[in-house]
1. What number goes with the only condition from (1) out of contact with any helix residue (DSSP H, G or I) (no Cβ under 8 Å at 6 or more places or on another chain); (2) not in a loop (DSSP other than H, G, I, E, B) that ASP113 does not pass?
2. Picking from ASP128, ASP140, ASP173, which residue would you name as being charged (D, E, K, R), surrounded by 17 or more Cβ atoms within 10 Å (Cβ to Cβ) and either touching a strand residue (DSSP E or B) at 6+ places or on another chain (Cβ under 9 Å) or not assigned by TED's automatic domain parsing to the domain that holds TRP88 (or both)?
3. Which of (1) in contact with a His (Cβ under 7 Å, 6 or more places away or on another chain); (2) over 23 Å from SER196 (Cα atoms) is the odd one out, the single condition PHE103 does not satisfy?
4. Of all residues in region 146-170, how many are touching a Leu at 6+ places or on another chain (Cβ under 9 Å) and surrounded by fewer than 15 Cβ atoms within 10 Å (Cβ to Cβ)?
5. Cβ contacts < 8 Å: first residue outside any loop (DSSP other than H, G, I, E, B), restricted to region 193-209; second residue of a type in the set (Val, Ile, Thr), any location; separation 6+ or different chain. Result?
6. Within region 56-93, which residues are outside any helix (DSSP H, G or I) and either aromatic (Phe, Trp, Tyr) or more than 15 Å from the chain's Cα centre (by Cα) (or both)?
7. If we scan region 110-117, do we find a residue that is surrounded by fewer than 17 Cβ atoms within 10 Å (Cβ to Cβ) and over 26 Å from SER209 (Cβ atoms)?
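The values are calculated or read from the model by the stated rules, or taken from the named source; none is laboratory data. Only a predicted model underlies this, so the values are computations on that prediction, with no experimental measurement involved. Using ideal geometry, Cβ is built from the backbone for each residue, glycine included, and neighbour counts are taken over all protein chains shown.
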Amino acid sequence: MRGLILISILLFAIACSNGSIENNEVLDYESFANSLDSIMALDQGIRKQFMEAMQANEKIDPSLYGEMNRIDSSNQAWVINKLQKYGWPEKSKIGENAARAVFLVIQHAELSDIETYYPQLQALADRDEARQVHAAMMLDRMLMYQGKKQIYGTQASGQLREDGSWVIWPVEDPESINERRKAVGFTDTVEENAASMNAVYNPFEPLPSME
């Protein structure tokens with residue numbers, strides 16, 4: 001018996017050293033969701049100031065960019081730490097508002113973070129555990145950052161015109177774009193989306209030169 005106990009202890013120690021014993025820590029979904037409410041308020045509050053200035057054709061205060069970067073960096077550090085430990089949470093466990101907050105934080109992150117977590121979001125959307133429109137928007141942003149045409153026409157850029165005016169980033173197959181949008185749950189057309197962002201939509205907009 002003593003020999004069996006010793007063998008069991010040794011096997012346990014080997015398993016731990018090889019990382020085969022999983023961390024049994026469980027995410028507190030309620031606490032997680034409550035924290036995300038505050039994160040979304042910060043994320044959307046600063047962007048509301050940008051949108052109001054854009055829609056009024058007013059010059060954006062340069063200090064807003066620094067404040068937005070500070071907020072985004074803080075939000076991303078917190079959320080990505082959770083995603084690294086637990087993966088992207090199902091919306092059935094954290095609720096629609098918290099699920100939207102996770103999406104927004106990663107949507108506003110760097111390309112490398114989007115490339116890391118987009119597959120998780122899409123996999124959940126395929127199981128109705130995330131919104132298909134969020135996966136579509138993240139795919140479009142990832143493609144834009146990669147210098148490729150977007151699929152759903154959700155992203156606009158101020159870098160396509162010398163005057164800095166906003167333009168919908170170039171799209172694939174413009175003749176069927178509104179059908180694609182409808183299929184994943186968008187209730188507006190690409191033209192209506194452009195108007196809401198005070199952006200120009202040219203269905204044949206070329207990709208900018210990467211030189």
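1. Condition not satisfied by ASP113: (1).
2. Numbers: ASP128 fails: surrounded by 17 or more Cβ atoms within 10 Å (Cβ to Cβ); ASP173 fails: surrounded by 17 or more Cβ atoms within 10 Å (Cβ to Cβ).
Unique residue meeting the criteria: ASP140.
3. All conditions pass for PHE103, except number (2).
4. Qualifying residue count, region 146-170: 3.
5. Correct list of pairs: ASN193/THR154; ASN193/ILE168; ALA194/ILE168; ALA194/VAL200; VAL200/VAL167; VAL200/ILE168.
6. So in region 56-93, the residues outside any helix (DSSP H, G or I) come out as 56-61, 87-90.
Answer for region 56-93, where residues must be outside any helix (DSSP H, G or I) and either aromatic (Phe, Trp, Tyr) or more than 15 Å from the chain's Cα centre (by Cα) (or both): ALA56, ASN57, GLU58, LYS59, ILE60, ASP61, TRP88.
7. Quick first cut of region 110-117, residues surrounded by fewer than 17 Cβ atoms within 10 Å (Cβ to Cβ) only: 110-112, 115-116.
From what's left, over 26 Å from SER209 (Cβ atoms): 116.
There is at least one residue in region 110-117 that is surrounded by fewer than 17 Cβ atoms within 10 Å (Cβ to Cβ) and over 26 Å from SER209 (Cβ atoms).
Residue-by-condition table, conditions (1) touching a Gly at 6+ places or on another chain (Cβ under 7 Å); (2) at pLDDT 95 or above:
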site: GLN132; (1), (2): yes, yes
site: ALA136; (1), (2): no, yes
site: LYS148; (1), (2): no, yes
site: GLY158; (1), (2): yes, no
site: VAL167; (1), (2): no, yes
site: VAL171; (1), (2): yes, yes
